[in-house]
Amino acid sequence: MTSGFLEKIGWRFIDSPVGIAPLVRFRILFGGLMMLGAIRFIEEGWVEKLYLEPRYFFKFYWFEWVRPFDESGMYLLFFTIIGSAAMVMLGFLYRIAIIMFFVSFTYLELIDATNYLNHHYLVCVLAFLLIFLPANKSHSVDVLLWKNLKATQVPSWTINILILQLTIVYTFAGIAKLNYDWIFHAMPLAVWLPERQDLPILGYFFQFKWVAFLMSWAGAFYDLTIAYFLMNTRTRPFAYFLVIIFHLMTWLLFNIGLFPWIMIVSTLIFFPSKSLENNFNEKLSTVQLTARWKVRSIKKQVIIPFLLVFMLLQITIPLRHFLYPSNVFWSEEGYRFSWRVMLVEKSGQATFTLRDPETNRQTEIINSRYLTAFQEKQMSIQPDFILQFAHYLEYEYRRTHGIENPIITVDSHVAINGRVSQQFIDPTVNLAELKDSFFPKKWILEIKK
Amino acid sequence: MKNLKLLIILLLGGTFLLVSCKDDDEQDPCSSNFDQVALFTNVADNIILPSYEELNSAVENLSTKTQNFVATPTENTLSELQDAFKEAYLSWQNAAQFEFGPAEDVFLRNSLNNFPANISQIEFNVENEANNFDQPDTYDQGFPALDYLLFGVAGSIDLAVTLQVYTENSNKEKYKSYLNAVVSNIETKVNETNDKWTSSYRNSFIARTGTAAGTSLSQIINGWNENYELFKRNKIGVPSGVLDLNFPLPTKVEAYYSGISSSLAVAALNASLRLYLGMDGDGNNGIGLDDFLEEVDAEKNGKTLDAVIQEQFASAINAVAALPDPLSASIENDETPTVLAYNEITKQVVNIKTDLPSVLCISITYVDNPSDSD
């Protein structure tokens, strides 16, 4: 490979000036949507339900230090999210606003891992990227205040990085669908679609198994290819039409909140402004390219390599489950942050027993004394939650009963995609002695087919 | 453009390589189509409606006997009232599993059977003539309150001693009026539930097919499971001490004063089995959840799931039936048999709460997601 090739690529995808319109459009729509989303969250009463009612919160590994606030604190956090999202939308003190939004929204998501949703993670990632992008250089309050900020063109990487991020999301969502149950059993759509038979017209078809198959296959094909069809100038309009149809369908069928709207809005980034097309056709000699590429700036030396590493992480994180010997759908090791969206129908139950080795007295735990129904449901299928809860029980019984070294075991069963349940966690293992880590959890039993 | 195409081809090729975990599979999940209307019709006409009807007439009898007793408190009328109470409490066990629709509207389960009764609250109510029960979550009403008023109010199960409270006690009129109020509250709630079921709810229940939340199938399975778990925890678990570091709490049994806890528990367990089988009170076996399971051919541990569930019901019923009444005394004497019964009851939960909904491809909405999912 010649250095000329690399320079061409570098120029094309990183440096070439392109119209700012897609980025500005993205900023306005993203900010507006986030603002509405947070308002909706408050209106639905979810602040109380998800953050004020629980007495215990499940943590993300490395983020155990994150604590919920009291009522006024939680509302303050939400008002920060709403306010900063509005500022992002308006392009007012943009850099400060987007950092505030990223920090407050991410903090909220870190409070209780029970509420993990792929699209909330996507919001965190997009907000993080937006911190580095000059999305306020047109159609913004900032430009009104600081006239010389205005720009009509931006380097192409500022748009391409968002395109790349969305491509990663779709592609991994598609790859995740290429599993045996999805492809050959139409699972879990075969469970979910019949639930929506009450829908007018469409609902009639959901009783048929072939419809579940058709939609499973179409969904997998869509996720795998849509980003590439959106990149291609000729297929782009039709592909975007499909984006709208697909996400409206998911919005209609499933209770997935903002996700469809985020995707419908975000994919507009694939539409370049007219000037981008012009620039693509700009013919530059290798000498010219090299000259431009050699222009050094703080951006090129620090930010771009940093974001490159970030994007590499975005590609490797969804693949990390290959490092675990277990089945990712079963053990959930490497499940999160990997765009495994609406992929499996799973239910389970976990019954904990705590024994005091000194007195040999033991007790079965009533989970609902400590967890909300929703937390209990999520806990019963996620091993790291089971372990966290066991440690919480250890703490509680030490505090209330003075039991120093309790032995905590769990009888847990999980059913996946229409099968009978199997024992999930080794029922003989003392959870109180285990520590969570990134290493494979040997205390998760293997799934038998 | 060429590089882009290459990228696409590489990505697509790569993705297909990742198709994994193929296996020569068992039966196709979610493939059967069972006749939901037939199930609902059988459950409504042969199980739910007769249960409410029986409960309703038992409660009306209870009301009559209460009026007789209050008018002329004698050992004879008290004894008749006690019998009517036991009969009504027993028939409640059959009706307790349908806490949706009309029953849910009036908070039937909490109004009728929050136990153990809060004695000091009841005594306070009597003293202060606080005879209204508009809060369903209190423990001063329903059958547990009657259990106390008819069997334990004088600190003795002795008929003559109990009678004195209603004949000689300085507060006798207040006791009578509280007794009346408790019974008429039960009567009102049961009447209302029964009326709604017979007048209109039955038809809409049968028509509500599908597997979504709020359909009759999910209501049956949820109601059945919820009741089973309450049974497990409150009737057997709590008093046996398994939930409290092996410190038995015998006074927390259902029907502590009348001492019919085991009979009630056996009745409840049998009702649970009959709902599963689709069997009416006379033992006629109609379409039930077992027939659905047979159709999907689900297997567990080398047996059909249906067989596993039926066997586990049999073991649980045997173990509970072996507990002599009064259960509180049995537990005080030795809690081990009650703990063993608890274990048998517990083994069933995974079968009916996780396995059955899973193989019937009903994503159980036992718990509603409070927020979005993805």
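The values are calculated or read from the model by the stated rules, or taken from the named source; none is laboratory data. Keep in mind the model is a prediction, meaning the values are calculated, not measured. Reconstructed Cβ throughout: ideal geometry from the backbone, glycine too, with neighbour counts over all protein chains shown. Just the protein is used for accessible areas: all its heavy atoms, side chains included, with ligands, DNA and RNA removed. Shrake-Rupley method; radii C 1.70, N 1.55, O 1.52, S 1.80 Å.
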Item to complete: Restricting attention to segment B:314-341, report how many residues are in a helix (DSSP H, G or I) and over 17 Å from B:Leu273 (Cβ atoms).
Response: 12
Discussion item. Which of the numbered conditions does A:Gly37 fail, given that it passes all the others? Conditions: (1) over 23 Å from the mean Cα position of the chain (by Cα); (2) within 14 Å of chain B (Cβ to nearest Cβ).
Written reply: (1)
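Per-residue answers, yes or no, for (1) open to solvent by 40 Å² or more (accessible area, probe 1.4 Å); (2) aromatic (Phe, Trp, Tyr); (3) at pLDDT 95 or above; (4) within 20 Å of B:Gln121 (Cβ to Cβ):
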site	(1), (2), (3), (4)
B:Leu163	no, no, yes, no
B:Lys176	no, no, yes, yes
B:Leu179	no, no, yes, yes
B:Asn185	no, no, yes, yes
B:Lys196	yes, no, yes, no
Worksheet, complete the sentence: Checked pairs for segment A:366-392, first aromatic (Phe, Trp, Tyr), second modelled with pLDDT of 95 or more and assigned to a helix (DSSP H, G or I), C-beta under 6 Å and 6 or more apart or across chains, list as A:Phe385/A:Met379; A:Phe389/A:Met379
Discussion item. Any residue that is part of a helix (DSSP H, G or I), out of contact with any helix residue (DSSP H, G or I) (no Cβ under 6 Å at 6 or more places or on another chain) and either open to solvent by 20 Å² or more (accessible area, probe 1.4 Å) or modelled with pLDDT under 95 (or both) - is there at least one of those in segment B:361-374?
Written reply: no
Worksheet entry | Given (1) open to solvent by less than 60 Å² (accessible area, probe 1.4 Å); (2) at pLDDT below 95; (3) of a type in the set (S, T, N, Q), number of the condition B:Gln141 does not satisfy | (2)
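Matching residues to (1) open to solvent by 50 Å² or more (accessible area, probe 1.4 Å); (2) in a helix (DSSP H, G or I); (3) within 8 Å of another protein chain (Cβ to nearest Cβ):
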position	(1), (2), (3)
A:Gln314	no, yes, no
A:Arg320	yes, yes, no
A:Val341	no, no, yes
A:Ile386	no, yes, no
Practice prompt. For residues that are in contact (Cβ under 8 Å) with a residue 12 or more places away in the chain and at positive phi, scanning just segment A:397-429, find the one that is nearest to the other protein chains (Cβ to nearest Cβ).
Written response: A:Gly418
Discussion item. Can you tell me which residue is nearest to the other protein chains (Cβ to nearest Cβ) among those in segment A:364-384 that are touching a Ser or Thr at 6+ places or on another chain (Cβ under 7 Å) and farther than 17 Å from B:Val350 by Cα?
Written reply: A:Phe374
Worksheet item: Restricting segment A:47-63 to residues that are open to solvent by 20 Å² or more (accessible area, probe 1.4 Å) and within 14 Å of chain B (Cβ to nearest Cβ), which is farthest from A:Leu126 (Cα to Cα)?
Response: A:Glu53
Practice prompt. Please work out which residue is most open to solvent (accessible area, probe 1.4 Å), limiting yourself to segment A:164-204 and to residues that are of a type in the set (D, E, K, R) and modelled with pLDDT under 95.
Written response: A:Asp198
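Residues checked against (1) under 23 Å from A:Ile131 (Cα atoms); (2) without any contact (Cβ under 8 Å) to a residue 60 or more places away in the chain; (3) hydrophobic (A, V, I, L, M, F, W, C):
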site: A:Gly10; (1), (2), (3): yes, no, no
site: A:Leu29; (1), (2), (3): yes, no, yes
site: A:Leu52; (1), (2), (3): no, yes, yes
site: A:Arg55; (1), (2), (3): no, no, no
site: A:Asp70; (1), (2), (3): no, yes, no
site: A:Thr80; (1), (2), (3): yes, yes, no
site: A:Gly83; (1), (2), (3): yes, yes, no
site: A:Met87; (1), (2), (3): yes, yes, yes
site: A:Tyr94; (1), (2), (3): yes, no, no
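Scan segment B:226-279 for residues that are outside any helix (DSSP H, G or I), out of contact with any strand residue (DSSP E or B) (no Cβ under 7 Å at 6 or more places or on another chain) and hydrophobic (A, V, I, L, M, F, W, C) and report the count.
5
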Worksheet item: Which of the residues belonging to segment A:1-14 are touching a helix residue (DSSP H, G or I) at 6+ places or on another chain (Cβ under 6 Å) and open to solvent by less than 60 Å² (accessible area, probe 1.4 Å)?
Response: A:Gly4, A:Glu7, A:Gly10, A:Trp11, A:Ile14
